[in-house]
Each structure stands twice: as structure tokens, then as C-alpha cells.
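Trainee: Mind having a look at this structure? Questions to follow.
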């Protein structure tokens, strides 16, 4: 069920430890968003401690926003350690398609690490699925059909795939849902996609990776954004208001969720 | 003309992609300031993707705030790639003069990359121009004559030079303007100089490097700061208010600009 | 005396330059907290400039939040340079005990650098003192007796030790004080411990390392948090309000300080 109030409650009571290897642009907002929804974030990227840190975490978030050769190696070590310890791994392929380095790095991670959730914007998921997507720097230039792209990529990788944008799509095992909450201010603040990845990381850390868990996380984030928009005067005041809204999220608001199950295939 | 409303409009409609190699202290604020004024920021510093990323950008911003040997090399690769693709390069020589490493790194960049705009505080431009300037950590200790320093450095490098402080000076081709907007709270928040560099980056990405473009960018930023100061209770609430003000900047406010053309030389 | 209004005034008038080698998660908030309390922060971690930067600083803050092999070496170079120049060094052993890499790195720093202040959360100080402490990622899982842990570690290292949590303990030379100000929102924002380290850095830079200086810094920070909590609607708006409160701290508020001298030993 999306959204599922029991999932929201489990994340809050579980305080899942979310190990992040992420970019230095939005990392502070990721940490705060993770705390606000109930998680305990730890950011660490030294190769020397990857095995230890990933294995004690509840989830591992890999975000390639400012990847370099050193942190790519750390992602591989942490990812394999997480796999051995049955810790779910989320990959946010920020800017994949914008440069060959990003595209090849994502391929390398997907080859060597079993990823439980891939979460990107429409353009990134379009690029990764091979169904057509446009990425400009780290911004989405859109995808031909983000719902189909999610389902195609999910089927290829055998994991949950989320494609976020004006509408969000979450797909796994032939099931695809469309989520229609959110607010245009999310597009005017740097790193809201990264923050959402950290929130999803906390959710899968507490409740395991599934369409319901990922869809509930996205819905909570987007409903918080709607709430925050009412209390802000622009993108600057929207960000602290978004944290407040995430931190004091009322499960009663879940009745405003806009969720639609799609039937993309005969299956 | 400074300020030029047509420049403001062109930046907003153009959504210039601004590739940053910048410090990890103020990078999030830089990204948000860039978005708020109309740009699309991408932060990337891996040597492997510098050529690709810089060549597709509208402008390249090099900020040495937390430079190290690895990112210095990335700046050179990106700078030369930008030069080949006719992408204007802005250099913010943060803390130049404070350590030999910073001074030598700036020289190396200026030797190997054609820079379109150098933007620093009074102390940094004073140091670089050789006319006398004081830098304490990354704070300006002032310059003897920042207007003359800007003109001297501009003449030496053959590019636009901006020296910011209580009054700002922009110089190129023997023309120097003095800009007198802004607010003391700008000095009480970390990274407002870096944010301004990112705003100028978006402006030159959309409209090309010139005294008018750079002067208009500085004026928009400073008028936004004046507006934000009215809605804030201190340095903490000033920063989100500054983003709001940049994001909703009304061209009508440009009539509050305080701009003076200086006559420093016979030329 | 804790709190000492003269210490507060000296920090504000002295504008101590605080060199940080710190993590990229909370660095921006550290810089702003340092400015708000009267300091001038500079963040720099390139080995090439460590000797120069540390020697001109008023204090050096080493925070291992996102340590790696490169920045560990920079910390050693900067630490030894600071020692030679009689610049006090503060160590924040973020997450010590969570991984072997963190524990060994802290030992290496303590072996090679004379540290004037160690400031950690209850769990970290418990781990370091060997009296028992729990660290989960970078969050404190608590210590058996944080007051005793502070005194034990202080005695072993011959420096000031601060253990922060719901109550804070500062110990040196057999004297231990308990500080009871603060607000629960401090635990719901990422990096408030790091921010406090930067504030303490400014204080010891201006007034030297002592129980009085460190205790006054902590008290000012915690009283500012109490003030900020009244003006915020959650963790998001609390952070800018905390900066505002630090920046406009009224010495008259010091009368709300809750300080208790403990008698832990016969000495």
C-alpha cells in the first residue's frame, strides 16, 4: 500500500543508520533530511573504513554527484560489504549521461554491486534504461516516457527503480505506480533529489526495499514539500520549512496522497 | 549600461549551465544562488570528466577556497577545455596571498588558462595586482586603492576584474565603475563572495564577459541583499532571505542601483 | 568563572583566525557559527599550505568527520606547525570507536600533536577514555559516566576535555564542571557538535584553552540554542535562528547559565 502509515512509523522508531557516500554539494541537506524523517546519517568515504561502516549500517546510499576515482573505489568496497551483510544499497546516478566518466562509473557500480534501489530524475532513468533521456549537467532534460523507462530498467536490473520529476514513477516486478504530489519549489532548490535519496535510504533501511517503501518515502517527502511551500516566501525559506515539515510530518496528511497504479504491460 | 534589465532577463531565460570547480565550504550556497538568478549549476571536479563537462557549459567558475593538488589539476584541464570551446572562465582567487600555495596556484592558472573575469575581495585583488593588499585567511584585510588595483590587474591580464568590498569596482579596457549597493550582513555570512562569483558565472554564461554584465550581476546581488536584510533578524535568517530575494528579483528595483563611472587615467 | 562575560567580549573584539581541517558535511555551518561568535574561519586542507596556514592562525580545529588518508596527513602537518607556533589545537574525534580507521587516526593525531582541547560527545569521550562509551555512526550511544570519562581522559592527556550531550562536562587539572543549558532541537540538526567545536576554537584562539574558556563557549552556544528554539518551528528553521542568536548574543543572558562544579576526586 502506498502510502503506508505503518512504514512511516517504523522508520521513526527504528532510527536506521544510513551510510552515505555522497557529493559535497548537498551533503548537509541530505544529513538533515535523513534525521528529520527518522534516520541517523553517517557520511564516510575513506577506503580504510568502508568495509566496517557499510556493514553496521541499515542502508547504504551511493550518490555520484561529485564522484572521483578515490570515492568510486570507496563506493565499490562499501557496496560489496553492504551486499555481504544484506544491507540494501541505493544508487542515485546523478548526472549520468552528462559525461562518459559518470556513465562508465554507474556501469561499473551496477556490475560489481547488487543495488536494491536506483533513484534518479526522469532524464537519468531514461538514459540508464536506454529508452531515451536527456541530462544537462545534473538537471533532467526529461525522458520520452519515464514510466516505461522505470519499468524497463527495473526489469533489466531486477531491483526497484524510481524516476522523479513533475510526476514520480516507482517500478518493480512489473508493478509501476505514479505519484503526483510535490511542489514546483522543489525544482528551484539545489539537491532536493539528493535529499529524497537520503530519505528513501532511511526508509529502506528500516523497512526493506519495495515499491511500497520507496513510494511511501517519496510521498512523505512530496507532501512535506507541499506543506513547506505554504510557509515559505521563495526557494531560500522553502528549504528550512521543508526540514520542519519532514520533522513534524503528521501521518494524517497521507490522505492527501495522489497515487495511481499503472498497467504498462500484460503481466 | 549598468545595471541593464535586458541582461537580467537574458540570464533568466537562458538558464546557462555553469560548471563549478569550487570549495566544499560554500558550494551549496553557490549552487542555490546560481539557480535563484537563473542559472543551472553543475559541480564536478574529477579530472576524468573535466574536458567533457567544461566544454558543454556556458561558463566555468574556478574558486580556490579549498584547493588541493588534485583539484588544481582539474582546474587546468577544465580551463583549457573551456578556452578551446570559447566558454568564459571566471577565477575567484580565494585567500590568495595568505599562503604560498594559493599564490603559486593562482599564477599557474593564470599562466595556463585564459581567464575572462577575475573576481576577488579588495585584499585579494590588491595582492594580485601588486599594488598592495592584505589577506587574512580568506578575509580581506583591505587594499590601498581597490579601484586602481582593479584597473591595474585588468590591464595586466587583459580581462574584466572585479574587486568587491564595501564598495565594488569593476574594470576592463581602461573603464572602471564603482558600485555602492549591498548590506553589512553580507560580511557576516560565510561565502557571500563565493555566491556572487556563481551569480557572475551565470551572467557571463548567458551574456558574455563585460563590465556591463559583471556590474549588472553584482548590482542584482547587492540589491537582493538590501531587500533580504529588511526581512531577516540576523546572519542566519539573512541567507535564506537572500536566496528568496535573488529568486524573485524585480527588475523595477534596478532603479535603486548606485553606480559611478570613474576616471582613473587619461585614457 | 563560567560563564565569564569578559571572555565573550574578548572573542568578539579579537576576531581570532580559526584554521579548520574539517568534514564536508557540516563545514558551512561551522564557518557561520565561528563568524557569528566573533571568529574568522578559514578552511584549508592541502598539505602544501598546512604549515603556513596553521602558523598564522589563532587556533586550529581538527574534526575527523569525513577524514581520509590525505586529510589525516594534513592534520598532522598542521598540528605540528600549530604546536611550534604555540597555536592551541582542538580535536573533535567524530565517530571515534565506530571504525578502526577512526580510532587509529585519533591515536595517531594524539601521539604526534599536542592537543589543547578534546571535545566530543558522551560516547566518543567514553570510548577515548577507556571508561566505556557507545558510538553509532557519528551519533553518541552514551557513556557510562561522562563526567568521570572527561576527568580520566583529561588526566591522561594533560589537556582540557569536553564531553557534550544532554549535560556537558568540561574537565582539566582535576577540576570538572557540569553545564546544563541547551535544547533538544540541538540533537535534531546535523552538525551542532561540529559547530560548537568551531565556536570553542574561536574562544580558545582569543582567550587560551582553559575550563573557563571552553565552559563559557559551550554556555554561550547552549543559551543561544535556547533562544533560537523560541523562534523556530522545527529543526529546519532552528538552524538559521541559532546563527542569529549566536550573532546577537546578549551578555545579559549569561545569568541563565546553569553551571555546577563537581567534586569527583579527593584532589
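Trainee: For region A:132-232, what is Rg from Cα atoms divided by 2.2 N^0.38 Å, rounded to two decimals?
Mentor: With N residues counted in region A:132-232, Rg over 2.2 N^0.38 Å equals 1.06.
Trainee: If a/c stays under 1.5 just call it rounded; otherwise compare a/b with b/c (prolate if a/b is bigger, oblate if not). Do that for region C:1-76, with a ≥ b ≥ c from the square roots of the Cα gyration tensor eigenvalues.
Mentor: Prolate.
Trainee: Give me C:22, C:216, C:176, B:103 ranked fewest to most by other Cβ atoms within 10 Å of their Cβ, as a rough exposure proxy. Write out the running numbers ahead of the final one.
Mentor: Values: C:22 31, C:216 28, C:176 23, B:103 18.
The most exposed by this proxy come first: B:103, C:176, C:216, C:22.
Trainee: Hey, which residue of A has the C-beta nearest the axis mapping A onto B, and what's the distance in Å?
Mentor: In residue-and-Å form, the answer is A:24, 2.
Trainee: Next question, about the same structure. Most fluctuating residue of C:117, C:161, C:11 in a GNM of chain C with Cα springs under 10 Å: which is it?
Mentor: It is C:11.
Trainee: Taking residue B:84 in one copy and the same position in all the others, each labelled 7 Å out along Cα→Cβ, what are the pairwise distances from the first, in nm, shortest first?
Mentor: List, nearest first: 4.2, 4.2 nm.
Trainee: Is region C:93-163 best put as rounded, prolate or oblate by its Cα gyration tensor, with a ≥ b ≥ c the root eigenvalues, rounded for a/c under 1.5, and otherwise prolate when a/b is larger than b/c, oblate when not? Show your work: numbers first, answer last.
Mentor: Working: a/c = 1.95, a/b = 1.10, b/c = 1.77.
Judged from the Cα gyration tensor, region C:93-163 comes out oblate (a/c at least 1.5, b/c at or above a/b).
Trainee: Once a ≥ b ≥ c are taken as the square roots of the eigenvalues of the Cα gyration tensor of chain C, is the result rounded (a/c under 1.5), prolate (a/b larger than b/c) or oblate (a/b not larger than b/c)?
Mentor: rounded
Trainee: Also, I was wondering about something else. Which distances in nm, rounded to one decimal and ordered from shortest, link the label point of residue A:184 to the equivalent label points in the other identical copies, with labels set 7 Å from Cα toward Cβ?
Mentor: Label-point separations across copies, in nm and ascending: 3.9, 3.9.
Trainee: Out of all DSSP beta bridges with both ends in chain C, state the antiparallel percent to the nearest 5. Write down the numbers at each step before the final one.
Mentor: Working: 16 of 36 bridges.
Within chain C, antiparallel bridges account for around 45 percent of the total.
Trainee: Would you order B:197, C:232 from fewest to most other beta-carbon atoms within 10 Å of each residue's own beta-carbon?
Mentor: So the ranking, lowest neighbour count to highest, is C:232, B:197.
Trainee: Let me ask another. List the distances, in nm to one decimal, from the label point of residue B:255 to the label points of the same position in every other copy, shortest first, placing each label point 7 Å from Cα along the Cα-to-Cβ direction.
Mentor: Those label-point separations list as 5.0, 5.0 nm.
Trainee: Write down Rg/Rh for the protein assembly as shown, rounded to two decimals, with Rg from the C-alpha atoms and Rh from the Kirkwood relation over Cα pairs.
Mentor: 0.96
Values in this text are rule-based calculations from the coordinates and carry no lab data. A quick note: this is a predicted structure, and the numbers were derived from the prediction, not measured. When we count neighbours, we look across all protein chains shown, and the Cβ atoms used for this are built from the backbone with ideal geometry, even at glycine.
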